[in-house]
Amino acid sequence: MSFLEMRNVSKVYGTGPTEVRALVGVDLEVDRGTLVAVMGPSGSGKSTLLTIAGSLEEPTEGEVVIDGEPLSAMSRDDRARLRRRTVGYVFQDFNLLPGLTAVENVTLPLELDGVAAHRARGVGMAALEELGLAQRATRFPDELSGGERQRVAIARAVVGHRQLLLADEPSGALDSVNGEAVMEMIVAACHRGVAAVVVTHDAKLAAWADRVVLLRDGRVVDQTEPSSRESGPGPHPPVSTE
Amino acid sequence: MSDPLDTVADRPAHGGLPARRAMMRWAWRLLRREWRQQALVLALIVAAVATTTVGVGVSTNTPLSPYVGFGTAHDLATFAGVSSSETSAISRWHERFGPVDVIENQTVSIPGSIETFDLRSQNARGPYGQSLLALVSGRYPTSAHQVALTSGVATSLGLALGDVWREGGVARRVVGIVENPRDLLDEFALVIPGQVTQPTQVTVLFDAPGVAPSTLGSNVITPESVAQSNPVNPETISIALVTLAMLLIALVAVAGFTVVAQRRLRSIGMLEATGATDANIRLVVRANGALVGVVGALVGFVVGFAAWLAYRPSLETSAHHVIGVLQLPWVVIIVAMALAVVAAYFAATRPAKALTRISVVAALSGRPATPRRVRRTLLPGVVVAVVAFVLLGAAGASGGNGAGVLELALGFVALTVSVVLWAPFSLTALSRVTRRGPLAVRMATRDLARYRARSGSALAAISLGVLIAVVVVVASAARFGNVLDWAGPNLSPTQLIIYTPIGPYGPGPGNANASPPTFNLAAMDHDAHVIATSLGTRDIVQLETTSATLQHAAAGRSYSGPLYVATPQLLRAFAIPTSSFSPTADILSMRPGFSSLTAMQLVYGNYFDHAGRSAANHFVCPTSDCLANPTIQEVTGLPSGTSAPNTVITEYAVHHLGLTTLVSGWLVQTARPLGALQITDARSTAAAAGMSIETKSSMPTSASIIDWATLVGILLALGILAMSIGLVRSEAVSDLRILTAAGASSVLRRNLTAVTAGALAALGAVVGTVAGYVALIAFFRTNTLDGLSALAHVPVLNLLLLLLAMPAGATVGGWLLAGREPAAFARQPLE
């Protein structure tokens, strides 16, 4: 069974003349350890797919199942718990909480889940150390560079055994060097068994994925699988978005 | 990337304490980092708590504490004199409870003055009364022929240390100057116990712990029983005012926290995306509110306490008693601080709930929730308004004298709630009225209606400020407009009255046959003229009185003021020609509307010997001693002071009713206001001649009360507006960006802010005035004496200032202070 399953998912915003069909009958499966890239033009429904997959929004139709649990059967608090324990997000503009230090941002999901602060801090420091940010752990987000902020955001997204990583244009605000570094981290997470979905406009970054899903007008129009990544971490040959 | 976490099964469902700690930490960090955004609410709380600390310190220490007479005792008994029963009661208490401290007072007059002091026998080393005595200089008396005086008594009697004072046939040497540190106005002459032969009051101090004072006698009190018998004390009033102030602050704070929450919308979205529950989100905002309250309360207390330390020495001088550094009503201050925290917490509750209704995706994108079309009903507002009307009516019907205070307080609380409930509907109505107006008007009023979360609370706060001002203004006008129970300053600063022993009210009906006090009128007249000359004036008028006075036939109404005779000399002094009034007029008065009063009676002779009431509860008016419906004519030339001859009986009435006139004093008028030294000299001269004087008291005029209330109301409303208008407009800042990008000039931006400010002010003025009049009508309609006619005196100018000038000022201020181009057109960053 796939870790993330989206079955015939549709999303409609508004009603009547203002109705917008953001997603139409989307099916998507993501296995553990798999990196899926979602590409498509602006307004094709990429971000909507990601937010529905991560329980931030509810689909108008269809079903989302994470680790065998349908989201529709979950309460609001259950979905919040799912985000604390299972799903991690990475956003284009980092979205670190400005009042918390780097390590506090990383440990936030753990503390929200009831892990004692000192224990969560140990875990957060270990995570930052692996990302080479241990020296910056006590800095506030506005004291970090863009690349550092995104690394902190990734650490926050995967900390605490979380198994599904959802990233919306994670390198969109970064230069190419930092962008590739971010993708390396996501791939590394996949090697540990994390299922990942990355929305990107950048074909070079999509080449890191095991599978590329093309969206247009809310529909999945193509799914391609770049050549195997057995050769190790790194981009596959660029895939065409057309 | 490994971590040592093993299982999640034993973690609390909602994160438990660690999650709450994390949210509290973030709230605290946000407050530290973004305190400027909350400076308004912080400043309001700091100001309120600081003002409360100083205010209650002053208000509770300025008047004497009702507990001051206890010394260090728990029980206090008072007797009018000493008889065998009192002596045996004191002996019983002594046997049962141990030491007692007996303080005997005998009233002694200061020659030439209406003032008195006490001849006091007290053990200076008594077990409980020691704290009521302090030695200023010299020593305490130790023998029957020694006395210690307060400095006031020493000055009045012209005595100094070493002098001999003769009183009641006893000569005593002054050995010390003393004071009562708990009451510096307490004037007395201290002698050793047993030296007061005819005490007029005896105070017994003792400790009877655990014994109900009522079981010892009706004259025994304890601090607890005093507090229970006096619910409307400065502490209670202070707490009521603080509660009202915190309510106003909470209303403004709702708008402030809403805007702060909106600015953090994307952070909140991120928090939810990370797995925060609704409870976590609410906790962040509420914790932020509580922290603002705590910080504001602590800083406010520190500021207030510093101000108290600085002002305390001046207060000691003006309050006439020693005030300790920590002699503050701590309960009130702690309650005020707690109220600040509670107000801020609850003010943050509403935006906290609103935040959890915004979808995570909308929050992440920084989009505020689209205003929902909520069909709210006016019914709750109407119901609460009716409740307020009924409660205030019950308060009005209670007849005063302390009754009806609870109904009055609850009525105002209900009225406040009603104003809060009505405010959003007023905004909606305004937007409908202006829907065909110019662009700026249309947009501004529409935004006010769309974003009622903050504009509604700001409007409610402004309305309450205006409501308070309207109630004070109209109620003051009603009180000062009562021509029967005349109120106001007693005299002008240039007037002085010298009284003979008869005094201003004459013998009064019922004492007509009593022998008038004998005194040397010629000598007093001479001395009165000497006083006038010393004051540099020849404007001196002899005041004559009779046994007659005025009364209203209805029981419960009372005429106040002296009734002097309109002698030719008095009329001349005020340039009133006899041709200006009817030769058959009985009464002349400057009180506006006095002549139109019905059921007046001029009573004289031995009226009170047989006065009774009719079936209609009206005073009877036998023709032998009473003139029903005397002819009253209004004359503007008479002075207005309550002690001045503002209402006089004509010589026609004096002759017609066969009244006898007596000289009761002289009215002296000077060109310049009288100085303290002149008054002191005049008092000394009058005292030496067996007379007394009266000069202007500190009673404010109706105009000063009404004008001050109006000014405070306007400043309060404008202050709330100034502090909240930025918050109100911030909601529509994106619209402003669009307008600017579309080419709107600063004029339109200025107009938007000006209209927003003006509309809120005007609406607040109208709602506040209407609510104020609702309260007044509810209160006065049940008043059995005057009913709604008491509200006939409408302070038109002051109401116009509130209704027109205040909104105009807000509009102009908004226009002048607005118009700045938005600093950034980009979406607000999270960090």
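If I filter region B:156-173 down to residues being modelled with pLDDT under 85, surrounded by 14 or more Cβ atoms within 10 Å (Cβ to Cβ) and not hydrophobic (A, V, I, L, M, F, W, C), which single residue comes out as nearest to B:GLU187 (Cα to Cα)? Explain how you work it out, then say what you get.
First, the residues of region B:156-173 that are modelled with pLDDT under 85: B:156-158, B:167-169.
Next, only the ones that are surrounded by 14 or more Cβ atoms within 10 Å (Cβ to Cβ) stay: B:156-157, B:167.
Now restrict to residues that are not hydrophobic (A, V, I, L, M, F, W, C): B:156, B:167.
Working: B:SER156: 10, B:GLU167: 16 Å.
Checked region B:156-173; the qualifying residue nearest to B:GLU187 (Cα to Cα) is B:SER156.
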ask   = Which condition breaks for A:LYS11 when tested against (1) assigned to a strand (DSSP E or B); (2) modelled with pLDDT under 90?
value = (2)
inquiry  = So A:GLU69 ticks every box in (1) closer than 22 Å to A:GLU129 by Cα; (2) more than 13 Å from the chain's Cα centre (by Cα); (3) more than 9 Å from chain B (Cβ to nearest Cβ) but one. Which box is left unticked?
reply    = (1)
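Collect the residues in region B:474-495 that are farther than 19 Å from B:GLY593 by Cβ and not in a loop (DSSP other than H, G, I, E, B), keeping them in residue-number order.
We begin by selecting, within region B:474-495, every residue farther than 19 Å from B:GLY593 by Cβ; these are B:489-495.
Listed by number, the list holds a single entry, B:GLN495.
If I go through region A:47-69 residue by residue, how many of them are of a type outside the set (Val, Ile, Thr), touching a residue at least 60 places away in the same chain (Cβ under 8 Å) and surrounded by fewer than 24 Cβ atoms within 10 Å (Cβ to Cβ)? Please lay out each step first, then the result.
We begin by selecting, within region A:47-69, every residue of a type outside the set (Val, Ile, Thr); these are A:47, A:49-50, A:53-59, A:61-63, A:67-69.
Next, only the ones that are touching a residue at least 60 places away in the same chain (Cβ under 8 Å) stay: A:47, A:49-50, A:53-54, A:67-68.
Keeping just the survivors that are surrounded by fewer than 24 Cβ atoms within 10 Å (Cβ to Cβ) gives A:47, A:50, A:67-68.
The qualifying residues number 4.
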inquiry  = Every residue in region B:94-116 that is crowded, with 22+ Cβ neighbours inside 10 Å and within 18 Å of B:LEU184 (Cβ to Cβ), please.
reply    = B:ILE103
query = For B:VAL663, are the conditions met, namely being surrounded by fewer than 21 Cβ atoms within 10 Å (Cβ to Cβ), in a strand (DSSP E or B) and in the same structural domain as B:HIS526 (by TED's automatic domain parsing)?
reply = yes
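Of A:SER47, A:SER55, which residue is part of a loop (DSSP other than H, G, I, E, B), within 30 Å of A:VAL20 (Cα to Cα) and within 10 Å of chain B (Cβ to nearest Cβ)? I'd like the intermediate steps shown before the answer.
On the way: A:SER47 fails: part of a loop (DSSP other than H, G, I, E, B).
One residue alone meets the criteria, A:SER55.
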ask   = Considering only helices (runs of 4 or more DSSP H) fully contained in region A:89-202, which possess at least 3 residues that are at the interface with another protein chain (Cβ under 10 Å from one of its Cβ atoms), out of contact with any strand residue (DSSP E or B) (no Cβ under 8 Å at 6 or more places or on another chain) and surrounded by 19 or more Cβ atoms within 10 Å (Cβ to Cβ)?
value = A:102-112, A:117-130
query = Residue check: is A:VAL64 at pLDDT 90 or above, more than 9 Å from chain B (Cβ to nearest Cβ) and in a helix (DSSP H, G or I)?
reply = no
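To keep it simple, each residue is scored yes or no on (1) without any contact (Cβ under 8 Å) to a residue 12 or more places away in the chain; (2) in a helix (DSSP H, G or I); (3) not hydroxyl-bearing (Ser, Thr, Tyr).
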| position | (1), (2), (3) |
| --- | --- |
| B:ALA771 | no, yes, yes |
| B:ALA778 | no, yes, yes |
| B:ASN783 | no, no, yes |
| B:ALA790 | no, yes, yes |
| B:ALA805 | no, yes, yes |
| B:THR811 | no, yes, no |
key: When residues of region B:272-312 are limited to those that are within 14 Å of chain A (Cβ to nearest Cβ) and free of Cβ contacts under 8 Å to residues at least 40 places away in the same chain, the one surrounded by the most Cβ atoms within 10 Å (Cβ to Cβ)   = B:GLY275
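Go through B:ARG33, B:ARG21 for me and flag whichever is at the interface with chain A (Cβ under 8 Å from one of its Cβ atoms) and either under 18 Å from B:TYR345 (Cα atoms) or modelled with pLDDT of 80 or more (or both).
Details: B:ARG33 fails: either under 18 Å from B:TYR345 (Cα atoms) or modelled with pLDDT of 80 or more (or both).
B:ARG21 is the lone residue from the list that is at the interface with chain A (Cβ under 8 Å from one of its Cβ atoms) and either under 18 Å from B:TYR345 (Cα atoms) or modelled with pLDDT of 80 or more (or both).
The values are calculated or read from the model by the stated rules, or taken from the named source; none is laboratory data. In this text, all values refer to a predicted model and were calculated from it rather than measured experimentally. Every residue, glycine as well, gets a Cβ built from its backbone with ideal geometry; the counts of neighbours run over all protein chains shown.
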